[in-house]
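The values are calculated or read from the model by the stated rules, or taken from the named source; none is laboratory data. Note that the structure is predicted; figures quoted are calculated from it, not measured. A quick note on method: Cβ atoms are made from the backbone with ideal geometry, for glycine too, and the neighbour counts reach across all protein chains shown. Accessible surface areas use protein heavy atoms only, side chains included; no ligands, DNA or RNA. Shrake-Rupley method; radii C 1.70, N 1.55, O 1.52, S 1.80 Å.
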Amino acid sequence: MKKFVYQFKEGNADMRNLLGGKGANLAEMTNLGLPVPQGFTISTEACTQYYEDGRQINDDIMQEIMENVKKMEEINGKKFGDKQNPLLVSVRSGARASMTGMMDTILNLGLNDEVVEAMIKGNPDPKFERFVYDSYRRFIQMFSDVVMEVGKKYFEQLIDKMKAEKGVVYDVDLTAEDLKNLAAQFKAEYKNQIGEDFPSDPVVQLKEAIKAVFRSWDNPRANVYRRDNDIPYSWGTAVNVMPMVFGNLNDNSGTGVAFTRDPATGEKKLMGEFLTNAQGEDVVAGVRTPMPIAEMEKKFPEAYAQFIQVCSNLEKHYRDMQDMEFTVENGKLYMLQTRNGKRTAQAALQIACDLVDEGLRTPEEAVAMIDPRNLDTLLHPQFDPAALKKAEPVAKALAASPGAACGKIVFTAEDAKEWKARGEKVVLVRLETSPEDIEGMKASQGILTVRGGMTSHAAVVARGMGTCCVSGCSAIAMDEENKRFVLAGKEYHEGDYISLDGSTGNIYDGIIPTVDASIAGTFGRIMGWADEFRALKVRTNADTPRDAKNARNLGAEGIGLCRTEHMFFNSDRIGPFREMICSDTVEDRVKALAKIEKFQQEDFEGIYEAMEGCPVTIRFLDPPLHEFVPTEEADIEALAKAQGKTVEQIKNIISALHEFNPMMGHRGCRLAVTYPEIAEMQTRAVIKAAIAVNARKGWNMVPEIMIPLVGEVKELKYVKDVVVKTADEVIAEAGADLKYIVGTMIEIPRAALTADAIAKEAAFFSFGTNDLTQMTFGFSRDDAGKFLGAYYDKKIYENDPFAKIDQIGVGKLVKMACELGRGANPDLHLGVCGEHGGDPSSVDFFHRVGLDYVSCSPFRVPIARLAAAQAAIANPRK
């Protein structure tokens, strides 16, 4: 029979896919002889089976779970549900990829009224009675919230009411009697919400808790997180059941979270937080603000010395920075989790370089360790140093996630999403964030919380997203209900401006301007290694000299897409271009285009110079002409006057340009077929600019002319003939020696299917994967957002196909076009210029199908360089 449940001692770190990250690491720590409470892991395959069985745990799996409960009882010398010596357990999720705070945990499972009574009877210490009731009320609250989906707020209101009645600030100040009353109130609230009594049978509690963890794999916040982080739905989550150790037993107990290196900077020093008389959720949830890990030494010298040794052993074993959760029960240390720690991009680069210098990693391994998407954060804004000097912080809290943020204050995740949708920049201010806030956090420039430490939900999630975050600002007097707070004597309301520095923890009143980021030395070192290992070249999509320069500074090796139409929208060019559109004769069109030619030539010269002689691919006019015509009455009148036509005539021309489906209409090479004079003008500008720049700079640059939207080889041949005739005339006229090449974009499925014929007329193919995706799926990228949400919810699609290449369908066309094209023309150069060129999983695919280069927006160039290196390390080209 298939095995679904594994004792910790039966697993190891290599079984991550089956046991999830947490389960595999608990097994590995057990193998290393570390103090891990001995439990078991229910595999990810059991999760898949749960969904296949209609969200039920079948009898065979349940039987296997109960057999493992029995083994756990024997190992720990305690019995589940026993009145004399009860075994209490925690039930935690653990997918193979870390998903901090996205899924659910239940602690203290196995308690009921009788067990509580028996435990207290066996230990006359009044502090122990308090501990038991504290554990019981926590369990009722967690079980109600996580398993039965009764909101936390009902219970929190009862706690707040009790604290107010007793005149205390913290939960720890409530007495055993208070907590006993709370537990009774909680159970009454449960019955009020659910309509039945709180379950007292520990086996029922366990089964429901395991189902809840499996169910949490499919909760909305987990689905959003998975989509953002490339985690397939099919992986499922494992469930870890382990005996409870109690950090809230007494003042000789506690709980903590620690990192073996600083997750914000990468510095090699132990970082962490610790709370005495608390359970792990208190540290991570940020309900109480904890003390630094070093203070643990005074409180628990023996446990601390052992913990320092464990940290050193784990880092050497995993050869990476570790993020650990631990508990001290009555002075004895227990390890509850270790994993490769989440870190900022700056820290990731520092740690990777340090590990190479320490002899723990090779440069290839260092490059492979870094998530390319995180580099984004290094390229994000910081405050303008001059403005910052003049600014006085109104408060300082924990620097939880670096970067600078400035925006209008909002108090809820919903408002953050709404305000962003209408174009506002916002800063989300919360007492503390919870996983439900994830979409609002994504919509915000920065996040500010009143409670919580460096390892709170807000801090961890913000670091992962690369969003600036300042946490634990207890100086704020918060009034969430009325959307206001008081800080440093000033009352702030929704819509007021605030600025946050996530690198220092400083909070500023009002607006501080931001500047683009500059890149540290470790970045250059990692990128140097990446460039050494990669096979793919990386170009950029840039339409202005400024963008081109930016991309060049970030390591672009050329331009893979320069869109010429963006240049026509400038005020000095749109007039002549509109004249061209409204002309009745070829002569009038040529006359209007002649006015634009010198502007186009200047643009191309600027771009060539910014790219310092690297290849530049210029795409000829692509959008339909209706995008250029005026819509305002005054502009229409001005055009009529310039053309010597009536307003009525101009309006008729405009309405004749209207198309029912412009994305598939009169655009791309179809414009050049209808109006060859447009292609002639653009060719002259491209070639004259190249001749001028080569002469000025002594370069030998070869311009690349790209004909868009080709679906038939004869189309390409017709436009190419126009280009070649014009170019050769210009070169002959100038007496220059200039080489140029003509290629095409593959963005229509028919072009991919007939790539062998098209390759005979093209020097290169550049895959326009935005349009190729649109035409292959048959939906418009501008409208797909209206229904894609439903497709994600129903698991029809897991990702946005415009963000990540669909390897199965669109990818098959790309692969086929590469093979057919190279078969017909072995010298064919292959690249991609859709936005997919900067997506790491898409770059990996392009490497494997044999493209020569990817091209992406300037700030994604470093991401593409790193992703290309990782692709080459994982799949070296022959």
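Between beta-carbons, use under 14 Å as the cut-off and find the net charge around Arg589, counting Lys and Arg +1, Asp and Glu -1.
-4
In this model, which of Lys425/Lys786; Lys71/Lys342; Lys442/Lys794; Lys408/Lys795; Lys269/Lys332; Lys71/Lys180 are farther than 28 Å apart at the alpha-carbon?
In this structure, Lys71/Lys342; Lys408/Lys795; Lys71/Lys180 lie more than 28 Å apart at Cα.
Using only alpha-carbon positions, what ratio does the radius of gyration of the range 210-292 give when scaled by 2.2 N^0.38 Å?
Normalised by 2.2 N^0.38 Å, the Cα Rg of the range 210-292 equals 1.41.
Would you mind getting me the FRET efficiency between Glu439 and Glu267? Use the beta-carbon distance for r and R0 = 51 Å, nearest 0.05. Could you put the intermediate results ahead of the total?
Details: r = 33 Å, r/R0 = 0.64.
The value I calculate is 0.95.
At a threshold of 8 angstrom on Cα-Cα distance, excluding pairs fewer than six apart, so keeping six or more, what relative contact order does the range 1-48 reach in percent?
Numbers: 63 pairs, mean separation 22.4, N = 48.
Normalised by residue count, the contact order of the range 1-48 is 47 percent.
Given a Förster distance of 51 angstrom, what is the FRET efficiency for Ile741 paired with Glu358, based on the Cβ-Cβ distance and rounded to 0.05?
It comes to 0.60.
Using only the Cα atoms of the range 727-818, what are the Rg and Dmax in Å?
Every Cα atom of the range 727-818 included, Rg and Dmax give 18.4, 64 Å.
Which value, to two decimals, describes the C-alpha radius of gyration of the range 365-476 once divided by 2.2 N^0.38 Å?
Taking N as the residue count of the range 365-476, the ratio is 1.08.
Out of the DSSP beta bridges found with both residues in the range 394-541, what percent are antiparallel (nearest 5)?
Beta bridges within the range 394-541, antiparallel portion: roughly 65 percent.
Met664 versus Asn553, label points 7 Å from Cα toward the beta carbon: distance in nm?
4.4
If the limit is 26 Å between Cα atoms, which of Lys121/Lys161; Lys127/Lys299; Lys720/Lys804; Lys191/Lys483; Lys591/Lys725; Lys187/Lys207 go over it?
The answer is Lys121/Lys161; Lys720/Lys804; Lys191/Lys483.
Could you let me know the centre-to-centre spacing of the range 462-541 and the range 1-65, using Cα atoms, in angstrom?
A separation of 38 Å, based on Cα centres.
What number, rounded to the nearest 500 deg cm²/dmol, is the helix-based mean residue ellipticity at 222 nm of the chain, given -39500 (n - 2.57) per DSSP H run of at least four residues and division by all its residues?
-14000 deg cm²/dmol, from helical runs alone.
Over what distance in Å are the Cα centres of the range 230-257 and the range 836-878 separated?
Using only Cα atoms, the two centres lie 37 Å from each other.
By how many nm would the segment from Asp197 to Asp228 grow when fully extended, if each residue of separation counts as 0.36 nm and the alpha-carbon distance is taken off?
My answer for the length gained is 7.2 nm.
Picking from Leu275, Asn248, Ala258, whose Cα lies most toward the positive end of the charge dipole for the range 224-278 (charges on Cβ: Lys, Arg +1; Asp, Glu -1)?
The one lying farthest along the dipole's positive direction is Ala258.
For the range 666-770, what Kirkwood radius comes out of the mean inverse Cα-Cα distance, in Å?
Working: mean 1/r = 0.0703 Å⁻¹.
Result for the range 666-770, one decimal place: 14.2 Å.
What translational diffusion coefficient, to the nearest whole µm²/s, does the range 484-595 have by Stokes-Einstein, given a Kirkwood radius computed over alpha-carbon pairs, a temperature of 20 °C and 1.002 mPa s viscosity?
Values: Rh = 19.8 Å.
Estimated via Stokes-Einstein, D reaches 108 µm²/s.
Give, in whole angstrom and from largest to smallest, the semi-axes √(5λ) of the equivalent ellipsoid of the range 307-383, with λ running over the eigenvalues of the Cα gyration tensor. Each step should come with its number before you reach the end.
Working: eigenvalues 157, 57, 17 Å².
Semi-axes from the Cα gyration tensor: 28, 17, 9 Å.
Please work out how much length the chain gains when fully extended from Glu712 to Asn340, using 0.36 nm per residue of separation minus the C-alpha to C-alpha distance, in nm with one decimal.
128.8 nm
State, to one decimal in nm², a quarter of the convex hull surface area for the C-alpha atoms of the range 592-718, i.e. the direction-averaged projected area.
For the range 592-718, the mean projected area of the Cα convex hull comes to 9.4 nm².
Please list, in order, the residues from the range 590-611 whose amide nitrogen is less than 12 Å from a point placed 7 Å along the Cα→Cβ vector of Asp572.
So the set is 596-603.
With each pseudo-label sitting 7 Å past Cα toward Cβ, what's the Glu45-Lys71 distance in nm, one decimal?
1.5
Average the reciprocal distances over every distinct pair of alpha-carbons in the range 1-131, invert the result, and give the Kirkwood radius in Å.
About 16.3 Å for the range 1-131.
Label-point separation (nm) for Glu532 and Glu10, each offset 7 Å from Cα along Cα-to-Cβ?
Rounded to a tenth, the inter-label distance reads 4.5 nm.
Summarise the long-distance tail of P(r) for the range 122-267 by giving the % of C-alpha pairs beyond 21 Å.
Here the tail beyond 21 Å accounts for 59 percent of pairs.
What FRET efficiency, computed as 1/(1 + (r/R0)^6) with R0 = 22 Å and r the Cβ-Cβ distance, is obtained for Glu418 and Arg55, rounded to the nearest 0.05?
Between Glu418 and Arg55 the formula returns 0.10.
Cα gyration tensor of the range 272-332, axes a ≥ b ≥ c as square roots of the eigenvalues: rounded (a/c below 1.5), prolate (a/b > b/c) or oblate?
Verdict is oblate for the range 272-332.
Could you please state how large a percent of the accessible area of the range 298-445 is carbon and sulfur, counting protein chains only and using a 1.4 Å probe?
48
Given the Cα-Cα distance of Lys390 and Asp251 and 0.36 nm per residue of separation, how much length would full extension add, in nm?
45.4 nm
Exactly which GluC sites (Glu not before Pro) in the range 121-230 are in a DSSP loop and have at most 12 other Cβ atoms within 10 Å?
When the GluC sites (Glu not before Pro) of the range 121-230 are filtered for loop state and at most 12 Cβ neighbours within 10 Å, Glu149, Glu196 remain.
Given that compact globular proteins tend to follow 2.2 N^0.38 Å, what is the ratio of the alpha-carbon Rg of the range 201-349 to that value? Please list the in-between numbers first.
On the way: Rg = 17.1 Å, N = 149, 2.2 N^0.38 = 14.7 Å.
Ratio of Rg to 2.2 N^0.38 Å for the range 201-349: 1.16.
Hey, what D do you get for the chain in µm²/s if you plug the Kirkwood alpha-carbon radius into Stokes-Einstein at 4 °C and 1.567 mPa s?
The Stokes-Einstein estimate is 42 µm²/s.
For a distance above 16 Å, tell me the whole-number percent of Cα pairs in the range 99-159 that qualify.
Tail of the P(r) past 16 Å holds 52 percent of the pairs.
For the range 645-687, with all protein chains present and a 1.4 Å probe, just round the carbon and sulfur fraction of the accessible area to a whole percent.
Numbers: 1180 of 1980 Å².
Accessible surface attributable to carbon and sulfur in the range 645-687 totals 60 percent.
Please grab the % of Cα pairs in the range 103-207 that end up more than 18 Å from each other.
Tail fraction, whole percent: 47.
Run the numbers on the range 584-707 and let me know its relative contact order in percent, using alpha-carbon pairs under 8 Å that are six or more apart.
46
Less than 20 Å from a label point 7 Å out along the Cα-to-Cβ axis of Leu431: which backbone N atoms in the range 170-208 qualify, by residue?
Only 170-175, 179, 182-183, 185-187, 189-190 pass the distance filter.
Quick one: Cα centre-to-centre distance for the range 273-346 and the range 387-414, in angstrom?
Comparing the Cα centres of the range 273-346 and the range 387-414, I get a distance of 28 Å.
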